[in-house]
Amino acid sequence: MILSIESSCDDSAIAITEIATNKLLFHKKISQEIEHSVYGGVVPELAARLHAEALPKILEQVEEYFPKIKAVAVTSTPGLAVTLVEGVTMAKAVAVALDIPIIGVNHLIGHIYSLFIEKETIFPMTVLLVSGGHTQVMEVKSLTEIETVAKSMDDSFGESFDKVAKMMGLGYPGGPAIQELAQNGDRLKHNFTVPLHQSPLIAFSYSGLKNAVRLAVLEEEKKEKPNFQDIAASFEHIATKHLTMKLKKYFKTVRPRTFAIVGGASANLYLREQIEELLLPYSAELLLSELKYCSDNAAMIGRVGVDMYKQGMFSTLEELDIAPRSVL
Ligand code: KG4
Ligand code: ZN
């Protein structure tokens, strides 16, 4: 079995995955959304302190598996430095105590592998990763052959939802709150400009849209009874249209066959619907993670751990260090 640990942002999670079958034997996650909500975003030092409380509590619950654990897999990159350290330190302690090897997992590969929890892998495929920290398109041929072909130049897709929600006083995380508010709104009411729509670049940018939304929110706040649902709906529409327009451009050179959306924001239903529509003319297959595995979790880290274990991709205790920035 593989014991896996995730602490790259505001979720403390531990999983146990059976190597021979990919079966998820245990998974527990303690989220810190309520604690960060009052600040409208994740406060790194608070997150680190909460991991230090939560991770040992979860670890206690998996002691019965200890004799069968063959390796410990832990998210070591990318993420918040002070929170990554919590998981990596625990992983090193477990590796020493159980005398087993350690595997440093890239969180972004973890999100890709959220598609394969309790399943076999499917390669090659084109992947759109939309999370709080990243917005990127990758060509994935295998665990070790991943090429990033487009990424955000500033804010990420999920982050823009968080920031817009903060402007509207909706707390953190913003994605689900905006999605709900947008449901009954008019998507065409606010004619926000689609980012980079005149640029030939296949890249993403959300800072301009965020600022346009800020102005609309300020305008709405002047009203006696401000109602943000049309702004939320129009924002969600344009944020998504930006992705689909750039993907359409990309598909002119690389026709999609198997396409996947992963990451916390891949739970967004409007995005799922629009991508489904985009893929229709190509008869491409759309892969999605189960909703419960879209956001950060340790099951996806464990699933990567299984494949890295099989390929002998271990680190020494001295080698394994955290790297806050992505290397993909
Ligand atoms: O993957 P994740 O859990 O953490 C990172 O690796 O960043 O993603 C969290 C992000 C947050 O920005 C959150 O607002 C966004 O995913 N998110 C959504 C939805 N659910 C979560 N964004 C849009 N629509 C949603 N339904
Ligand atoms: Zn994530």
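Remind me, relative contact order of the chain in percent, using alpha carbon pairs under 8 angstrom and six or more residues apart?
25 percent
With charges set only on the Cβ (+1 for Lys and Arg, -1 for Asp and Glu), what does the dipole of region 125-288 come to about its Cα centre, in debye to the nearest 20?
For region 125-288, the charge dipole is close to 380 debye.
Please get the size of the charge dipole for the chain, origin at its Cα centre, with Cβ charges of +1 on Lys and Arg and -1 on Asp and Glu, quoted in debye to the nearest 20.
920 debye
For M125, M167, write out the residues from largest to smallest accessible area, computed with a 1.4 angstrom probe and no ligands counted.
From most accessible down to least: M167, M125.
What net charge do the residues around Q274 carry, taking every other residue with its C-beta under 13 Å from that of Q274, with Lys and Arg at +1 and Asp and Glu at -1?
Charge balance near Q274 sits at +1.
Mean-square fluctuation check for the chain, GNM, Cα pairs under 10 Å: which of S142, S207, S266 is largest?
Taking springs between Cα atoms under 10 Å, the residue moving most is S142.
Please compute the length gained on full extension between N191 and K248, using 0.36 nm multiplied by the number of residues separating them and subtracting their Cα-Cα distance.
Contour length minus Cα-Cα distance gives 18.4 nm.
Rounded to the nearest 10 degrees, what's the angle between the helix 207-221 long axis and the longest principal axis of the chain, both from Cα atoms, 0 to 90?
Result, in degrees: 60.
Given just the C-alpha atoms of region 125-288, how large is their convex hull per residue in cubic angstrom?
107 Å³
Would you work out which of G132, I261, P101 lies farthest towards the positive end of the dipole of the chain, given +1 charges on the beta-carbon of Lys and Arg and -1 on that of Asp and Glu, about the Cα centre?
Sorting the options by dipole projection puts first I261.
Arrange the residues K70, K249 by how much accessible surface each exposes, largest first, with a 1.4 angstrom probe.
Reading off the accessible areas and sorting them downward yields K70, K249.
How much length, in nm to one decimal, is gained on full extension between L280 and S142, taken as 0.36 nm per residue of separation minus their Cα-Cα distance?
Difference between extended and current length: 47.2 nm.
May I ask you to give the solvent-accessible area per residue for region 125-288, in square angstrom, as obtained with a 1.4 angstrom probe?
Per-residue accessible area for region 125-288 comes out at 47 Å².
Work through the residues other than D155 whose Cβ is under 14 Å from its Cβ and net out their charges, Lys, Arg +1 and Asp, Glu -1.
Computed value for this residue: +2.
Once ligands and nucleic acids are excluded and a 1.4 Å probe is used, how much of V149 is accessible, expressed in Å² to the nearest 10?
Taking all protein chains as shown, V149 has close to 50 Å².
To the nearest 10 Å², what's T144's accessible area with a 1.4 Å probe?
90 Å²
Leaving ligands, DNA and RNA out of it, report the carbon-plus-sulfur percent of the accessible area of region 37-134 at a 1.4 Å probe.
About 56 percent, which is the carbon plus sulfur part of the accessible surface.
With both bridge residues required to lie in the chain, what share of the DSSP beta bridges run antiparallel, to the nearest 5%?
55 percent
If r is the Cβ-Cβ distance from L317 to T258 and R0 is 45 Å, what FRET efficiency results, to the nearest 0.05?
0.75
Pairs K210/K246; K68/K141; K29/K225: which are spaced more than 28 Å apart, C-alpha to C-alpha?
Table pairs above 28 Å Cα-Cα are K68/K141; K29/K225.
How tilted is helix 269-279 with respect to the longest principal axis of the chain? Cα atoms for both, answer in degrees (0 to 90, nearest 10).
The two axes meet at around 90 degrees.
Taking the simple approach of a point 7 Å from Cα along Cα-to-Cβ for both E120 and K225, what is their distance in nm?
5.8 nm
By how many degrees, between 0 and 90 and to the nearest 10, does the Cα long axis of helix 299-310 differ from the longest principal axis of the chain?
Between helix and principal axis, roughly 50 degrees.
Take T21 and K310, extend 7 Å from each Cα along the Cα→Cβ direction, and tell me the distance between the two endpoints in nm.
In this crude spin-label approximation the distance works out to 1.6 nm.
Would you list R325, R214, R272, R187 from the most to the least accessible area, probe 1.4 Å?
Largest accessible area first, the residues go R325, R214, R187, R272.
Using protein chains only and a probe of 1.4 angstrom, how many square angstrom of E64 are accessible, to the nearest 10?
140 Å²
For M1, what is the net charge nearby, where nearby means another residue's Cβ is under 12 Å from its Cβ and Lys, Arg count +1, Asp, Glu -1?
+1
Please check: in the Gaussian network model of the chain (C-alpha springs, under 10 Å), which one of T253, T244, T126 has the largest mean-square fluctuation.
Looking only at T253, T244, T126, the biggest GNM fluctuation is shown by T253.
The values are calculated or read from the model by the stated rules, or taken from the named source; none is laboratory data. If you're wondering where the values come from, they're calculated on a predicted model, not measured in any experiment. Reconstructed Cβ throughout: ideal geometry from the backbone, glycine too, with neighbour counts over all protein chains shown. For accessibility, only protein heavy atoms count, side chains too; no ligands or nucleic acids. Shrake-Rupley method; radii C 1.70, N 1.55, O 1.52, S 1.80 Å.
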